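Each remark here refers to the structure printed beneath this line.
The values are calculated or read from the model by the stated rules, or taken from the named source; none is laboratory data. Everything numeric here is computed off the predicted structure, so don't read it as measured data. For neighbour counting, all protein chains shown are included, and Cβ atoms are generated from backbone atoms with ideal geometry for every residue, glycine included. Side chains are part of the model used for accessible areas, which takes the heavy atoms of the whole protein and leaves out ligands, DNA and RNA. Shrake-Rupley method; radii C 1.70, N 1.55, O 1.52, S 1.80 Å.
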Amino acid sequence: MIRRPPRSTQSRSSAASDVYKRQVRIRHVDREQWSRAAPLFRDYNYRQLWAFGEACARRVGAVSEHVAVLRGDEIIGLADVRVRRVPLLGTGIAYVTGGPLVRTDDGHEAERLEGSLRALAAEYVGRRSLLLRIAPALGPAQWNAQQDAVFRTCGFQAASTPAPYRTMVVDIDRPLDVIRKGLAQKWRNCLNRSEREKLTIRSGQAVDLFDEFERLYDELIRRKQFDVDLDAVFYGRVQRELTDGDRFHVSLADLEGCAVAGHVSSMLGDTCVYLLGASTEDGLRTKAAYLLQWHAIETAVRQGKRWYDLGGIDQETNPGVYHFKQGMGGADIAAPGPFELRPDGMKGSVALAGERVYRLIRGPRRTRTR
């Protein structure tokens, strides 16, 4: 039997901590095992959802491998690793995004991260001669700094791609009235106005709610003429493959019985993450996006979440969305990494060259931060 990670927040003796110095190993796990273990980690996030990883892998001709890092029979980390090989050359890229999952708030996260990184490096870099690239999960500022230090201790270097994840994070581990007072005055005024409109909200995890949102999003795409790498169609497919508890949370604002705005978020671990939003002209007029954002905060607080990640910012290419998110009173923060570890010899360079060719074939995409 595989034991769950320790949950105690009490400090341990140095003798007890020696368990984190023992031999680590990797075991591939099935979906049932993953579904039991992943929610035990506080950094569980949508990028480490079983269905999300498999869907991302299919898009690029990769294979999604779900592995547990073990010491004895104790899981100390989990990682969905997407592997894309360069044909005939014996190398490729192993990519982890939003992982490995290691955080349980018991004081031993750094040791578990180091053990997980060394196990992943031994398997994917050492044994299989792949370039290992990891974009770890965003966490509290102190943990982000610890992650950076552990990655470098394990020999990882900064990767040139993808771009570092920068976002705004609202502390929602506070009473709702305190959170509301932290909103910028202009933002709060828009919320007040929206609350006076004749808007009603429907929310939940049902697939049919996502179908309604997808129609709103398609209308937005046609009106604004922009592309995103992972759009509502992609997330809708993932939603259909997810099980209860892991599904995305969908909220729709109705005006006179018709949906005029929608909001999609993921509520896993200790963080709510804003994924997608869309508004019609009536939604814009009634400021429905403000009401939906506040509804997401209320829902996340009821579920005991500590943070609301606003889903990325780009002040240069999308200043309007940047200022909207800035008004919610969050902290501007960047996730550590991404990092990579290359195999010895020429195989690391070959893997990178193969990736560049793939990107050239795929072509540039016009993207827009949510």
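In segment 153-177, which residue that is β-branched (Val, Ile, Thr) and not in a loop (DSSP other than H, G, I, E, B) is surrounded by the fewest Cβ atoms within 10 Å (Cβ to Cβ)?
First, the residues of segment 153-177 that are β-branched (Val, Ile, Thr): 153, 161, 167, 169-170, 172.
Filter once more, so that each one left must be not in a loop (DSSP other than H, G, I, E, B): 153, 167, 169-170.
Values: Thr153: 13, Thr167: 21, Val169: 21, Val170: 22.
Restricting to residues being β-branched (Val, Ile, Thr) and not in a loop (DSSP other than H, G, I, E, B), the top hit is Thr153.
Is it the case that segment 295-311 has a residue that's outside any strand (DSSP E or B) and at pLDDT below 95?
Kept after step one, since they are outside any strand (DSSP E or B), are these residues of segment 295-311: 295-306, 310-311.
Retained after the next criterion (residues that are at pLDDT below 95): 311.
Yes - at least one qualifying residue is present in segment 295-311.
Ile333 versus (1) in a loop (DSSP other than H, G, I, E, B); (2) modelled with pLDDT under 95: which is the lone unmet condition?
With respect to (1) in a loop (DSSP other than H, G, I, E, B); (2) modelled with pLDDT under 95, Ile333 is out only on (1).
Select from segment 302-323 the residues that are open to solvent by 40 Å² or more (accessible area, probe 1.4 Å) and touching a residue at least 60 places away in the same chain (Cβ under 8 Å) and write down the one among them that is farthest from Gln147 (Cα to Cα).
As a first pass, look at segment 302-323 and keep what is open to solvent by 40 Å² or more (accessible area, probe 1.4 Å): 302-304, 306-307, 314-317, 319-320, 323.
Okay, now just the ones that are also touching a residue at least 60 places away in the same chain (Cβ under 8 Å), so 306-307, 314.
Numbers: Arg306: 19, Trp307: 18, Asp314: 24 Å.
In this case the residue turns out to be Asp314.
Go through (1) aliphatic (A, V, I, L, M); (2) closer than 16 Å to Arg174 by Cα; (3) in a helix (DSSP H, G or I) for Leu291 and report which single condition fails.
(2)
Considering only segment 121-133, I want to know if a residue exists there that is more than 14 Å from Arg342 (Cα to Cα) and open to solvent by 10 Å² or more (accessible area, probe 1.4 Å). Steps first, answer last, please.
Our first condition is that a residue be more than 14 Å from Arg342 (Cα to Cα); within segment 121-133, this holds for none.
No: segment 121-133 contains no residue that is more than 14 Å from Arg342 (Cα to Cα) and open to solvent by 10 Å² or more (accessible area, probe 1.4 Å).
Is there a residue in segment 63-70 that is acidic (Asp, Glu) and either within 13 Å of Leu117 (Cα to Cα) or open to solvent by 20 Å² or more (accessible area, probe 1.4 Å) (or both)? Let's see the steps before the verdict.
If we filter segment 63-70 for residues that are acidic (Asp, Glu), which is where we start, we get 65.
With either within 13 Å of Leu117 (Cα to Cα) or open to solvent by 20 Å² or more (accessible area, probe 1.4 Å) (or both) added as a condition, the list becomes 65.
The answer is yes; a qualifying residue exists.
If you go through segment 104-118, how many residues are part of a helix (DSSP H, G or I) and surrounded by fewer than 24 Cβ atoms within 10 Å (Cβ to Cβ)? Working first, answer last.
The initial filter retains those residues of segment 104-118 that are part of a helix (DSSP H, G or I), namely 109-118.
Filter once more, keeping what is surrounded by fewer than 24 Cβ atoms within 10 Å (Cβ to Cβ): 109-111, 114, 118.
Residues in segment 104-118 being part of a helix (DSSP H, G or I) and surrounded by fewer than 24 Cβ atoms within 10 Å (Cβ to Cβ): 5 in total.
Would you kindly identify the helices (runs of 4 or more DSSP H) lying entirely within segment 178-278 that contain at least 3 residues that are of a type in the set (Lys, Arg) and open to solvent by 20 Å² or more (accessible area, probe 1.4 Å)? Even if it seems obvious, please write down each step before you answer.
Working: elements: 185-196, 207-224, 232-241.
In segment 178-278, the matching helices (runs of 4 or more DSSP H) lie at 185-196, 207-224.
Look through Ile134, Ile93 and report the one residue that is aliphatic (A, V, I, L, M), at pLDDT below 95 and part of a strand (DSSP E or B).
Ile93
Looking at segment 68-90 only, could you name the residues that are acidic (Asp, Glu) and part of a loop (DSSP other than H, G, I, E, B)?
Pass one, segment 68-90, residues acidic (Asp, Glu): 73-74, 80.
The one that is acidic (Asp, Glu) and part of a loop (DSSP other than H, G, I, E, B): Asp73.
Find the residue count for segment 210-236, including only residues that are aliphatic (A, V, I, L, M) and under 20 Å from the mean Cα position of the chain (by Cα). Can you show your working first?
Narrowing segment 210-236 to residues aliphatic (A, V, I, L, M): 216, 220-221, 228, 230, 232-233.
Those still in the list that are under 20 Å from the mean Cα position of the chain (by Cα) too: 228, 230, 232-233.
The number of residues fulfilling the criteria is 4.
Taking only pairs six or more apart or across chains, which ones have beta-carbon atoms under 8 Å, a first residue in segment 328-340 that is in contact (Cβ under 8 Å) with a residue 40 or more places away in the chain, and a second residue that is β-branched (Val, Ile, Thr) and in a loop (DSSP other than H, G, I, E, B)?
Once the first residue is in contact (Cβ under 8 Å) with a residue 40 or more places away in the chain and sits in segment 328-340, its partners that are β-branched (Val, Ile, Thr) and in a loop (DSSP other than H, G, I, E, B) give Asp332/Ile313; Pro338/Thr161.
Against the conditions (1) open to solvent by 10 Å² or more (accessible area, probe 1.4 Å); (2) more than 25 Å from Gln146 (Cβ to Cβ), where does Thr91 fall short? Just the number, please.
Only one criterion is unmet by Thr91, namely (1).
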